[in-house]
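Each reported figure results from applying straightforward, stated rules to the coordinates on display, with no laboratory input. None of these values were measured; they are calculated from a predicted model.
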Amino acid sequence: MTQASTDASTDASAPAPASAAVPTQPGRISGTVEYREGDGPMITIRHGAVGVQLTATDATLSWTDGETRGSAAMPINIFRNYVSLGAIKLDA
């Protein structure tokens, strides 16, 4: 195993390879985070706990709101922008 692959496997924020099972890590929505379903309007994800699954190309967020479950996929670059702005916080 190379040093680079060892580092990626220990870094919780590193995207998983596309062929690997994608673990869910805990996070929080603490700012404005929006996604779009198809061609519809932008939808704001409510503040609170989310599950985050990362791949090399996208991030999937999942949450519950009462009895309703939601999920949204977004390109990894948009997800990283939300993280850098502090709108999404990943739990350690």
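If the chain linking A73 and T55 were pulled fully straight, counting 0.36 nm for each residue of separation and taking away their Cα-Cα distance, it would gain 5.4 nm. Placing one equal scatterer on every Cα of the range 23-90 and applying the Debye formula, the log10 ratio I(q)/I(0) at q = 0.19, 0.22 Å⁻¹ is -0.69, -0.94. Under 5 Å from the amide H of D58 lie the amide H atoms of I76, each residue being 5 or more positions distant or on a separate chain, with H modelled from the backbone and absent for Pro and chain starts. Residue-wise HN-Hα couplings along the range 27-33, as the Karplus relation 6.51 cos²θ - 1.76 cosθ + 1.60 with θ = phi - 60° gives them from phi, are x, 9, 8, 10, x, 7, 10 Hz; Gly and Pro carry x.
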